[in-house]
Structures are given as structure tokens and as C-alpha cells.
């Protein structure tokens, strides 16, 4: 009889993790940056702008924008899992993991901040996808920002708050939070701030204002992959604005240039580009083209909840226009199931 | 027994063919994204998978509109359309529509093949051949009433298969030629990667075509009602091809899979031994995804052949089938071939259940149960196997499988340790599933039932394991036994049966000393004991058990990374119980390690706390002793830090050591500790930074104290020290940021001022005078150079504290140094008020208090009046105002004193609504009497009620007033005999004696407190 030894390791893992948090002596944290490298040491200082990590006597500073995640010594097991789920966009699973944690057992302030951040972030993202109340999520994110002023997640939290404000149809608030990102020490984040402010105008169909801001981003001499990415997103946004301003052909041309250089593994980018293509096709009355564009997002890039919900919403309206009302019903059903607050 | 051909025939729609179709003409699995540009291939695959076939065709028609599409993909649009039509046909339930789709597919394929030399030509032919097979298989599908196809349909199907075979043969011949040519060309993959890729594609297509050519013949033979007889030639041709494939190309999936097809052909030709050999060889091929399906079919073949033996060889059948079913992967749990195997395996169990020879009744029952469970599980998955499974269940007397629940092992006695462990693992996994379901249910309905089920499952697992463990003997595999013990310990732990978990875990630790497994047992025991101790911290038996476990662990695993944790636990238990000497002994017995250093520091902090508590309790001797011990432990713990590994904790411990040195007037040691390169708080804070505002203020406050103390040292350079102090103040101010920085800074300054006062209170008289002088110089210098409101406030508050510290307890009006200090305070508060109209009420309060202490009672009342109009409930201001009236009365001529005492007692300064703004002691005592948190204020105000009335009566020579003041004391003493504590009681007692003396009564004071019964 050859039974898997996995359950035993599982047992052991659980047993050991029960007390691991209480006995952290010399901290050994590990920071993963956006270049794919990781550094171990003790996280000695955190602020909205970044993190200092020390190994031996040498401190190293990282800007918040350059950090992917930090694994802290003493992390409760479910927090480690939840962090990965959040990074992977699996917010419900992340919340399931976080619910297993008794916050009172958390020993370090940085871990407490991380725990609360991932909690409000996952809730916020689900809210954006219509799967949790947006106002409650916004309140929670605001609570996080108020309490953990020294968290390196602060700008991400502000961005999320902006997204939520926008989703709650409160563009003025959204602008406020997006503007806050300008205070970051990272040029990438400052540029993203302009892009996000522009997207508020896109959402409000203020074509000229949006294009003016987006051009500011597009015309920059990009120096980092992040900025290049933001520029591509800005172009997608501009394509939508052009379509809104009666220049759909120009928008379509712009979006096709993006598709020509598309990196399909960047699903957020791809989803926004195809939604922009959909908007451009709709503007010129090509419903079949629009359906195909939104189907790209629906069938290939559904991991971006807000963009996926947008695409489904459009499909609900467009399928009947191409003679497939039953598929509109399917799209509606999917929308209701996956994003109950989106309709 | 003849081979049961029926079992080999397609059950309904030709499942074998469909399986092969999935290989040959099924849409490719979602193609991975590759390169930039429109991801046409992937999107098309997704459209097909979503059954949006018409949209997929539309997309292919519009493909020219999309930038960046692979040019090769664009040239194969016809082939892609054909694939789309084939997929549409496959899912279509309408036979007319299906035929239309198949015709469209044929048209597209024909058109594509006419294009000539496209690299995907052989792929297109393969699709065409498989399309022919698919159409043939359609003809063999039983009618909706379940009738088997008639002879005409069988013939038509056979012809379809034969056409397909011809198509595949053509592909084989064509590719054989091409591959020969390529072989002659000696293609170098490095130099000519494209040609090498093409060659690999041809090889793959060649093998696929060869395999399908054999399969088409096999299926053609199976269109006969007796394939072995009427289709013998076809079977033999197929067999020849499968043998060729399986012998020459068994390194490739089609070659390996041919082993299974070879077995089927041999089985149909009644070649039992060779068929069994082929099936077994199939099972022995590598365990890769591409071969899994063929393995399931081969295992089914083995079961058929084994059960067809006389007597049936059911054990061979079970052995071969069970391992595959047990190892089913999540994506295989609904696979038709796997489900068929499950049904076949059930047959083997049921045959076994009927063989009563050499088997106990319990074994027979278990076999039947296994068979039944397999059938129930299989019947819940849709597919061709369901009809057979349902029929078999009906034969067992189970009419509706949906009502049956798959059974888990029961609490029956296990056969062996092995058996017990296996069952427990199964139960454990089931319990984990239930736990996950509970978690997902998130408190919804049904959770209670699930929780009950969870507890029961865990309980059964524990019972089964417990019984299994009693069967351990000398032949038992030790690893298995220990695994079982560990699982039992963990299950008990999960079940919160901590005592039992402790026993099993400890036993495991002791039976597997020095091993990792033993340590796991020790950890479970340790965690269990900790849980028990949480419930009952003073249980000496548990503490003793934990200590024994720790001692054992330390002895057996001296170098294990978990060992110091055990030691630390014991020390922490001792510290929680204030057994400082025990803790010290334990720590000193530990080997040098970061944990030991940490524990020295921890002990030091506990001792420091103890010194504070004993000082508050008035036991200065004990306090001093604890301080000394704390210093020693903290110093040892800090010195033992290796390298530059000091962290937040060490920094905080070092700061406490600095404070201890300051209290002992050890300025040099305090300075050295504060600035120690390794652990000095100033140095560590510079290195690591501090995010804890309370600690930051504590650090700067201590630094300031130290600098001021340094100023008291002979020969100190006051200017330099003041310069340093100014820098510290700047740092503190800079460290507090944010919108409410000034409020938070004010709170920190207030805390610092109180710290200084506390230090002064504990200093001896000589040191106190020197310190006050030093502080005064320091504060005046800072005050002269700053306009910062928060700093001015801090100076005012600190000077106030210095003044009060330099007054004698009985003094009501400051004089000398204290008066000078108060003058500075009043001036500072005045400057603050002049700078801003928006100063906080606490500044006005402090100013009023300073004025009172200086004897400017009118000024004090005028300052306090507006505060109380704005905030009547500010109790400390109310008390301050009442005290101002009381003390003012004391210096007024008798004719005015009465009014002042009355105001102190009954309040004064009515507002527009005739309500008194200043409440007086009477109202204060009334309002504070019912609130426990104001108890000190209540007794203080009651004391002043009595005092005021007595002094009022004395000043106005009104004896009734004096007599009444007796009642003020005795009434409250009757209600609260302890009168708020010994000090307060002493004050009441002294006042009563004074009153009694004034009245000419016997001076008895308060009656003694009743001694509580012992």
C-alpha cells in the first residue's frame, strides 16, 4: 500500500505554523521587486514612498512602485497564500485565506498592515467587479489609508480608492485620489496618476480634456517598461476618446497599431485595447466588429473584472443587434453571476 | 467462455471513435499566446470552445481586418473553417444541421486540398479521413428508442470506415515518400530549423495516419455483429498495422497507444494471451497524459479478459484497475474511458464478493461495498457507461443511485495498521473537504450539519487509527507506524482533544528520538500543551509536563532549530508567574544563542516593570533591588547581540536600560548605552528608523533628560549640551508629520513634561535642585529662541512641572525658585496666547493653575471662567477653580472669607441662565459620586467640602458650620470606610481630628477600619 505522504506534510505544516509567529527572533523578510529579483533581510522602515530592508549593516531602499510583494517573517500561512492570490487576481480565494487569520495573533505591525491591505484590496477589487458593495469597500480602503499611513501600499490603496470612486460615479473624488499618486517618488506612478486622471475624463466623455491629458502621457519620452505600458494604456484610452469625439476611424487606426504590438500575456492591457476597439467599431456602426472585439475580452482576457464586466455589458446590448438575442441572455446571465452589481 | 463482443462494441455513438476523433480532428487545446499581433489562433479556439461557430466563421471571414495575424494562419483559413464546421457538427443535436455542418466541412477541406502544397495538407487529409470516420460512427448510433442500427446502416457505416481507411492509407504513402526524401536530405535542425519542424510535423502526421488507418479497419470490422468471424480480415489487417506501430514507434504516443488497439484487435480475434500481453504492455508504458486514456481502456481490457477466465481472476483485475482509479487526476474524473473502467472494476469486485471460498464474510461484504460505491460514483457522471452502471446497481437492489451517498470508511475494526492508516487518510481527506465546504458556506444554512459531519469524520478517523495502532507488532513497518501516530496526534489536535494529542505526540517524540518525525510529535505535543495552558495558566502539572517535554527535546535534539523555542516557552511561563529567579536559572542554563540573549532582555524588562510597581506601592527597597537586577539582565542581553543584529526590540530594551541608569544617576553609563554602536537606541533608530511615535517621543524625552542630567555634572559644557538638546527637539518635531502633526506633537510634549516631573519626584533633594536648575536654564534658553507654538507649550508645561516638583507638598502658594519658575510659565503661556487666538483649552487651564499657585487667585478665576463657560464638564478646571476660591478665602479678611468659602463650596459666577459656571466642591462631589472612573476626584472633592465648611465656620465663627463639617466626613466614611485609599483616608482622619479639637471634642479621628475575616 503506497499512500501519498502529502497529508502528513500538510499536517506538519499546519502544526508548525501554529506558533511560528510568536517566535520570530531575528527577522528574515524577503522583498520581491518588479525586476524579478528578491532581497532578504529585515524590513526596517516603511513609508508610502517605499521600504528599507537591511541585510547586515547595509540598508537597501526600494520605491513602492518597484515592489511586487514582501514576505515577512512571522507571516501567518494564510496571509502568504492570500498575497499570492491577490497578485494573481483571485480575490475571493484571497479573502477566504484571510478569513482564516485571527488578527489578534499577528505579531508585527508590518504584517498587520499587509493583512489589512490585502483584505481591503481584495474587497475593493471584488467590489469593482460588482461582487461586493462598492461603498463599503471604499470605506474600508479609506480606513486602511487612515490607519496605516506608513504602509508602502498607500499609493496602490489610493488608486483603488479612485477606481471605486469612479465606479460609484463620483469622478471628483476619483480625481482627488488619482491626483494623490503624484506625490509618489516614482516617476512611473506620477505618470500613471496623469493617465488615471485622464481616464476620469474618458469616463465622463469629456473627449478633448481626456485627449489633452492622454497626449501628455503619450508624448513623454518613456524610459521604463512601466511607463511604456502606461503609454499603451493611454493610447487605448485615447482611441475611446476619439471614438466618443466622432473620430472613430482615427481611434480604430490607433487601436490597431496597439494590437499589432500586443503582448497577449498582459491581460489588463489586452482587455482595455479590445474594449477600445469595441467602442470604436460601435461608433462607426460595425456591430459585428464590436461583438468580435468584446468577445476577445470576454473569452481571452476575462481576468480583468472591470473590463470583463464592461465587455459583457456591451455584449448584452450588441448580440441582439447581430441577430443573437439568446447569446445576449447568456451574457446577461454571466454578468449577473460573476458581477452581480454591474448591471 | 467466449469473448463478449458486446462489450467491445461502441455503446452508443462510438465512444472509441470519438476518443480518437478528439486526437485527430478535435480542436487543438487553447493555443498558447505567441508573439505580438492579433492572437487569431487562440481567439478562434476560444470561439469554438464557446460553441460560437457562426461567429468563428465570421471572424475568419474578417481576418484581413486584424493586424499582425500570422501569414501562415491566413493561408489556412479554409482548413480552420473546416475544423469549425466539424466542431459544430460534433456538438449539434440536430441530425440535419449536423449533416450540413459535415458537408460544409468536406467542402472546405476539398477546396483546401485543391490548393496543393500547403504545409498543412497532411493535416487536412487527416481531418478528412477522420471526418469520414465520424460520419460512419454516426450511422452506428442506436436510434432514439435504443434500437441497434440495421444492416443497411451497418453496411453504410462500414463503407464510410473503409473510405476513411483509404484516405489514411493515402496519407501514409504520401508522407512515407516525403519522409524518405527528407531522410536523404540529411536535414540539420540547427542550420535549417524550418525544414526540421516540417519533418517533425510529417512524422507526427504519418504516425497519426497510420494509427487511424488501423483504427478505421478495426471500426469497420466492428460494424459486423460478429466481428471475429465476419470482420476477421479487417481485424487482421488492423492488427498488422498496430503491431507495426507498437513495435517500431512505441517511443511515440501513437505507437504506444497502438498497444491498446492491438490488444482490442487480438481480443476480438480471440487471441486471449497476446491480447492480455498487449494490454499489460500498455499499462507499463510511461505515465504521461497522452497515454492515460489508452491505459484506462487497456485496464478495462484486462478486467474483461481476467473475468472471462474460469475461475475468474478477479484479483488481477482489481489490482490493475484499482491503482488507476485511485490515481485518477481531477481532469480525468469525468473521462468516458475512466468511467467505463470504474464500472469494469466494480464488476471485478462484485465477482470477488460472490467467491466465498477462502474469504471471510467481512471480506465478501467489503468487496460488495467497494463495487457498489464504484458504481454509485460512476453513475453520477454522465456518459455511455451510466446505463450499464444503473443496471448493475438495480441488480444489487439499488434503484436510484442518486439517493445513495458514497460511503466513507466506517469505524469498523481495521484489518491492520496499514488498513487503519489508509482509512484514516481517506477520512482525513474527507474531513478536509468538509472543512473547506464549511469555510465556503460562510455561515450559511447547513453549516451546523456539516460541522457535525466534520466532527464525526475526525472522530472515526481517530478511532480507526487508535485501534490500528494496537495492532503494531515487530513486523510492522516503523515508518508506517510513526506516520499513523503522527496523523492520530494531529487529528486529536484538530479535534481540540489536547490532552490526548499531548500523549500521542509525546509518545511519538519518545519512540522516534532524534528524528524529524519525532520532532513533529514533540511539536504537536507542545502546541497541545500550550493550548491547555491558555485555558489554565496556573496548572502546575501541565507546566511540569511542558517542562519535561522541553527538557527531553533539548537533550535529544540539541541542535534542532525548534529546540530554543521549547526553552523559551519554559522561561516565558516562569516570567508570566513572576518567578524571576527560576527564569534566570533557566536562561543561564541555555547555550549561547540569539534566543538566550533575547530572554535576558525579556527578563530585564519584566524586572523593570516590577521595579516600577514596587515603587508605586511605596516599597523603595524592593524597587531598587529590581532595578539593579533589571540593569544586569538588560546589559547581558544587549551585550550578547552578535554583529549588528539589533532590531526594534533590542532598541527598546536598551532605552529602558538608559532610563534605569538615569534613575541611578549613572550619567556616563546612560550616555554610553544610549549611543552604543551596536544597540544604542539613537544609533539603531538612525539605522532602522522608527515608525512607532510613542517610542520616538520616549527616546527623545530620555535623550533630553540625559542631556539635562549631563548639565548637572561638574565641568559640563552647558552651551554645547543645550545645542544638542535643541537638535533633539528639532528631530522630534521633524519626525511628527501629517495633518494633525501639531496635535500629536502637543500630546508628546505633555507626556515628556510628565516624564521629567516623574524623574524629579524620584530624585533626591540635592539632585532635584540641580536638575531643576539645569532644566530651567535649558528651557529658558530654548524659550528665548523659539516661536514655535508647540515648543512654547512644551516649555510652559515643563516649567509648570518643575515648579510643582520644587514646591513642598503642604505649600499652597509658591515661593522662591518655584515662584520664579511659575513666572516663566505664565510668561510663556502668555506669549503663546499672544501668538494665536486659537490656543487649546489646556493652555488656559495650565495658565490658570500657574496663577493660582502664584497666589493670583482672581487672575486664575478669570482665566478659568471662560474655559468653564465653553466646557463646563472639564472637571480638572472645575476643581482648579474651586481650589482657587478656597485658597483665596484663606488670605482674605474674615468678612470676605465667608463668601469665598461659600463660593468654593457651593459654586459661583452665574451665567445668563443663572446657572453657576463654577460648580464648587459640592456639585463636583455629587457629579463624580456615581462614576467609578472618577472615584479619586470624588474623594478629593468630598475632602474639600468638609475642609471648606470647617474653614468657613472657623473664619465666620459659626460653630454649626464646623459641626456640620464633621458630618461631611463621617457620612462619607460610613459609606466608603476606606475613603479612597490609605493616603486619602489619612487626610480625612487628620481633618476630622482638627475639627474635633476645634469643637473641643475628644480627638478620636476616624474609627479604625474593620479587619477583614481571615
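The values are calculated or read from the model by the stated rules, or taken from the named source; none is laboratory data. Model, not experiment: these values are computed from the prediction. Because the Cβ atoms are built from the backbone with ideal geometry, glycine has one as well, and the counts that use them run over all protein chains shown.
Points to keep in mind about this one:
Yes/no per residue for (1) surrounded by fewer than 19 Cβ atoms within 10 Å (Cβ to Cβ); (2) more than 21 Å from residue B:289 (Cβ to Cβ):
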site	(1), (2)
B:320	no, no
B:336	no, no
B:342	no, no
B:358	yes, yes
B:375	no, yes
B:380	yes, yes
B:391	yes, yes
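- Filter result (in contact with a helix residue (DSSP H, G or I) (Cβ under 8 Å, 6 or more places away or on another chain), part of a strand (DSSP E or B) and within 14 Å of chain B (Cβ to nearest Cβ)) within region A:53-91: A:54, A:59
- Residue check, residue B:546 within 12 Å of chain A (Cβ to nearest Cβ), assigned to a helix (DSSP H, G or I) and without any contact (Cβ under 8 Å) to a residue 40 or more places away in the chain: no
- Subset of region B:706-725 (residues that are part of a helix (DSSP H, G or I) and crowded, with 18+ Cβ neighbours inside 10 Å): B:706, B:707, B:708, B:709, B:710, B:711, B:721, B:722, B:725
- On the stretch given as region B:66-101, residues that are more than 30 Å from residue A:259 (Cα to Cα), buried (at least 17 other Cβ atoms within 10 Å of the Cβ) and at pLDDT 85 or above total 1.
- Selection status of residue B:312, part of a helix (DSSP H, G or I), surrounded by fewer than 21 Cβ atoms within 10 Å (Cβ to Cβ) and at pLDDT 90 or above: no
- Total residues in region B:983-1014, condition at pLDDT below 85 and surrounded by 12 or more Cβ atoms within 10 Å (Cβ to Cβ): 1
- Failed criterion for residue B:691 (all others in (1) within 14 Å of another protein chain (Cβ to nearest Cβ); (2) over 30 Å from residue B:841 (Cβ atoms); (3) at pLDDT 75 or above hold): (3)
- Pick from region B:42-85, criterion over 48 Å from the mean Cα position of the chain (by Cα) and outside any helix (DSSP H, G or I), ranking: nearest to the other protein chains (Cβ to nearest Cβ): B:62
- Applying the condition of being surrounded by fewer than 23 Cβ atoms within 10 Å (Cβ to Cβ) and facing another protein chain (nearest Cβ under 10 Å) to region A:267-288 and asking which residue is farthest from residue A:237 (Cα to Cα) yields A:288.
- All positions within region A:177-206 that are over 22 Å from residue A:63 (Cα atoms) and out of contact with any helix residue (DSSP H, G or I) (no Cβ under 7 Å at 6 or more places or on another chain): A:206
- Number of residues in region B:491-505 that are under 12 Å from residue B:462 (Cα atoms) and buried (at least 24 other Cβ atoms within 10 Å of the Cβ) equals 5.
- With respect to (1) farther than 20 Å from residue A:240 by Cα; (2) modelled with pLDDT of 95 or more, the lone exception for residue A:196 is condition (1).
- Looking across region A:236-258, the residues that are under 24 Å from the mean Cα position of the chain (by Cα) and away from chain B (no Cβ under 14 Å) come down to A:236, A:237, A:238, A:240, A:241.
- Matching residues in region B:509-533 - criterion: being in contact (Cβ under 8 Å) with a residue 40 or more places away in the chain and away from chain A (no Cβ under 12 Å): B:509, B:510, B:513, B:514, B:533
- So residue B:517, is it under 23 Å from residue B:431 (Cβ atoms) and either part of a helix (DSSP H, G or I) or at pLDDT 90 or above (or both): yes
- Unique match (being surrounded by 17 or more Cβ atoms within 10 Å (Cβ to Cβ), in contact with a strand residue (DSSP E or B) (Cβ under 7 Å, 6 or more places away or on another chain) and in contact (Cβ under 8 Å) with a residue 12 or more places away in the chain) among B:908, B:904: B:908
- Matching entry among B:922, B:898 (being within 17 Å of residue B:965 (Cβ to Cβ) and at pLDDT 90 or above): B:922
- Which listed residue, of B:924, B:969, B:962, is more than 60 Å from the chain's Cα centre (by Cα), in a helix (DSSP H, G or I) and more than 19 Å from residue B:844 (Cα to Cα): B:962
- Filtering A:332, A:327, A:314 for residues that are under 19 Å from residue B:47 (Cβ atoms) and either surrounded by fewer than 16 Cβ atoms within 10 Å (Cβ to Cβ) or more than 13 Å from chain B (Cβ to nearest Cβ) (or both) leaves a single hit, A:314.
- As a summary of the residue check, residue B:110 satisfies the conditions (1) closer than 30 Å to residue B:195 by Cα; (2) surrounded by 14 or more Cβ atoms within 10 Å (Cβ to Cβ); (3) at pLDDT 85 or above except for the one numbered (2).
- Single condition residue B:604 does not satisfy, out of (1) surrounded by fewer than 23 Cβ atoms within 10 Å (Cβ to Cβ); (2) away from chain A (no Cβ under 14 Å): (1)
- Filtering region B:295-354 to residues that are under 39 Å from the mean Cα position of the chain (by Cα) and more than 18 Å from residue B:283 (Cα to Cα) leaves B:330, B:331, B:333, B:334.
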